[in-house]
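The values are calculated or read from the model by the stated rules, or taken from the named source; none is laboratory data. Remember, it's a predicted structure, so these values are computed and weren't measured experimentally. With ideal geometry, Cβ positions are generated from the backbone for all residues, glycine too; neighbour counts draw on all protein chains shown.
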Amino acid sequence: MDKKKYDYLIVGAGWSGAVLAERLSSIGKKILVIDKRDHIGGNCFDVLNEKGILIHRYGPHYFRTSSFRIMEYLSNFTSWILHRYKVKANINGKLYTLPINRNTLNQFFGINLKTDEETKKFLESKKEKIKIPKNAEEQVLALVGKEIYESFFKNYTIKQWGIHPKKLDPSITARIPIRTNTNDDYINEIFQGMPKKGYNEIFKKLLKNVDLKLNTDFEDIKDKIDYKNIIYTGRIDEFFGFKFGKLPYRSINFKFETYPKEFYQEVAQINYPNEQDFTRIVEIKHVTKQKSKWTTISKEYPCEGNEPFYPIINDKNKKLYQQYRKEADKLDNVYFVGRLAQYKYLNMDHVIKGALDLFESLKNT
């Protein structure tokens, strides 16, 4: 038994756990961080492969934010490689810009829209007249119409989620930006970049002043440690022993391939919505800016089971989550934060904001 007394037992060494560990230890709190995996960083874990290429083991993590607060905080632990992320979609062997913008529309429909106003009018002529979308399919139809939906989104969504878009919450596809200009940036946030030495180096610094136990399951250790509070970043349903049933997630199998060439494809990410079993090919070297005669790509095959990646948001699953949320609200000195604990798809900056906000509420208690 560990005889040391801790102010906080933090379950999970991803963004939520690591940021809270660093912040709480900075005000003198005694912290133990545990993680069931054999590494820190959660799904942001990156590592050098056999050819010295830095790969993102759990898929690309394109850091972006419009929050000065978050950038100021993270910049204490890393310098940055600035990069505007570019993504294409392979439709019948042709590459189209994503997100959908004026160039995408001109290429796909064989037209020559020249202004934002022309593009807005064209999209209005294509959109389905749906005032309040009830599901993910209706959300895209209301944004871009049937042709774009069926070529770019329908099959991609089915592969990604394993169910038809009609059975998914509209929030799943509401995040898709549609542009009437020619901006080909994949995302809209002001700051876009990669940590210069990778994510793992950030996490090492965040966790350097706390006790850390890897390959450690919460259930195996919770009664053997002396602690006052728990910060739990794992699956909320698992915390409660799946008493109401499991919250469903979509997972991904990653197939990495290494080639003796500088680059495999022209941009970091190419989506494959239709014929292939995989959803996308990512060549992270485009954004890490490594110099090498070798390159590594990853192909993503969505699947059931394995690591939980994406909560499958629909009315049934939201109700199940609320059952667990009510149980969580009954507990004292247990705090649930992060993607898995909140059963919500959150970008990295949103996760970090949630951790910083929780710290602000805890620091005076």
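A few comments on the model shown:
- Count of residues meeting criterion [surrounded by fewer than 17 Cβ atoms within 10 Å (Cβ to Cβ) and touching a residue at least 60 places away in the same chain (Cβ under 8 Å)] in the range 330-344: 2
- Restricting the range 237-290 to residues that are of a type in the set (Ser, Thr, Tyr) and in a loop (DSSP other than H, G, I, E, B), the residue that is farthest from the chain's Cα centre (by Cα) is Tyr264.
- Counted as qualifying within the range 185-234 are the strands (runs of 3 or more DSSP E) with 3 or more residues that are buried (at least 17 other Cβ atoms within 10 Å of the Cβ), namely 191-195, 226-232.
- Against the test of being touching a helix residue (DSSP H, G or I) at 6+ places or on another chain (Cβ under 9 Å), crowded, with 16+ Cβ neighbours inside 10 Å and modelled with pLDDT under 95, the options His83, His56, His61 yield a single qualifying residue, His83.
- Which listed residue is modelled with pLDDT under 95 and not in a helix (DSSP H, G or I), from Lys129, Lys114: Lys129
- Every residue from the range 205-262 that is without any contact (Cβ under 8 Å) to a residue 40 or more places away in the chain, among the acidic types (Asp, Glu) and farther than 19 Å from Ile40 by Cβ: Glu219, Asp223, Glu238, Glu262
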